[in-house]
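No value in this document is a laboratory result; all are computed from the given coordinates. A quick note: this is a predicted structure, and the numbers were derived from the prediction, not measured. As a convention, Cβ positions derive from the backbone with ideal geometry for all residues, glycine included, and neighbour counts pool all protein chains shown.
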Amino acid sequence: MRITAEGYSYAYMVRGFAPIHALDSVTIRDMLPGEIVCIMGPNGAGKSTLAGLVGGYLDGPSSGVLLVDDAPDTASNSIRRLFIPQKPQEGVLPQLTVLENLVFRRKALKHTNWHRAAGKAERQRVLALLNETGFEFLNSKLDLPPEALSGGQQQVLNVLSAIYAEPDLLVLDEPTSKLDEANRIRVAQLVLVAAKTKRAIVFCATHDGEMAERLSDRICTLDRGRLVRTRRVRSVDAKRFVGDVRVVATRSDLPHDVAAVSDDWWAPAKNKLFGPDYVEGDDSRGGYLAGRRLSREQRTHREVNGVLALLHPSPTDRILDIPCGWGRHTLPLQGRNLNAAGGDLAFEFLMQGTRLGT
């Protein structure tokens, strides 16, 4: 099977204004089972519009057609295609539980009767998928409504439901944009499963250039609605590595556990945060640091040493979710050849980390 998006043009109509042309005769040829095609380009280039058209999410194009083995995709020559939108809340059904959201796309694509209550066998298949893919955190949330999940977790739910549905063509619009580093890598691993194990064609609009390079077989670049470049990254069956995750610490347990390494490391007692003497504004005036006469630089050194003493990380481990000004820890840990990543990279913290990284 070969799929071609042939001659796609599209204009958004706004009452009282001239048409806004988003795409101009874009063609993506001969996408094969197991292939990952990433669409890149600046904001406003037409990536999401093209993804919505190829995925059947937007109304028909001003011109263009989806071809399956050189014949138009019609009721008699139809493929199972599935679109996952950029905004997580647009991909979930709020009236269904998490489990039902995971299942309904599979039922719809296979044209089987839909019953809201998933049977015991269906639940076991879903649990097996969650455990195999590293998303066990959803196990305890299967009977909750999707509003019980964060926006990033809802995005994970959308991608998981697409994997479970096993479409012929999976279209993703910015699948990693709402995710932290660990789930970004895990979702990329899910995309690999969809393409390389389930043999779906994956069509992915993304701003994530690093992940596109690691993940894709072909990268197509749009600019102002036109296809300006197509580049073959690797052959469809070539091996690739999108990253690995060993979560060695979490925001809730690290302060308590590292405090046990040394009472003088983070807090004056073994507790969940900074100890009984901590007050808000600690770093600037009158708090624990001032009382103990520790500068930020001294505390950062103690924290980094505590992380190393507690976790014994190797260069192949990825350290995530270190709390309390993560930017102060990232570069010192990287300076010791460790794979550290996270958020909260305030400029002042980044500059501190740069000074401490040697």
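Label segment 162-225 by shape, choosing from rounded, prolate and oblate, from the square roots a ≥ b ≥ c of the eigenvalues of the Cα gyration tensor; if a/c is under 1.5 it is rounded, and otherwise prolate applies when a/b is larger than b/c, oblate when it is not. Oblate shape, in that a/c is at least 1.5 and b/c is the bigger or equal ratio. When the chymotrypsin sites (Phe, Trp or Tyr not before Pro) in segment 1-107 are filtered for DSSP coil states and for at most 12 other beta-carbon atoms within 10 Å of their beta-carbon, the remaining sites are PHE17. Charged neighbours of ASP69, selected by a Cβ distance under 13 Å, balance to -3 (K, R count +1; D, E count -1). In the structure displayed, which of LYS107/LYS239; LYS87/LYS120; LYS47/LYS198; LYS87/LYS239; LYS47/LYS141; LYS120/LYS178 lie more than 28 Å apart, Cα to Cα? Violating the 28 Å Cα-Cα cut-off are LYS107/LYS239; LYS87/LYS120; LYS87/LYS239; LYS47/LYS141; LYS120/LYS178. Dividing the convex hull volume of the alpha-carbon atoms in segment 62-201 by its residue count gives 128 Å³ per residue.
Each peptide in 143-155, 90-102 was scored by the mean count of other Cβ atoms within 10 Å over its residues; highest first, the order is 90-102, 143-155.
Listed values for segment 217-229 are Karplus-derived 3J(HN,Hα) couplings in whole Hz (6.51 cos²θ - 1.76 cosθ + 1.60, θ = phi - 60°), namely 9, 9, 10, 10, 10, 9, 8, 6, x, 10, 7, 10, 7, and x replaces Gly and Pro. Using every pair of separate Cα atoms, the Kirkwood estimate puts the hydrodynamic radius of segment 1-141 at 17.8 angstrom. Once the chain from LEU127 to THR27 is taken as fully extended at 0.36 nm per residue, the excess over their C-alpha distance is 32.1 nm.
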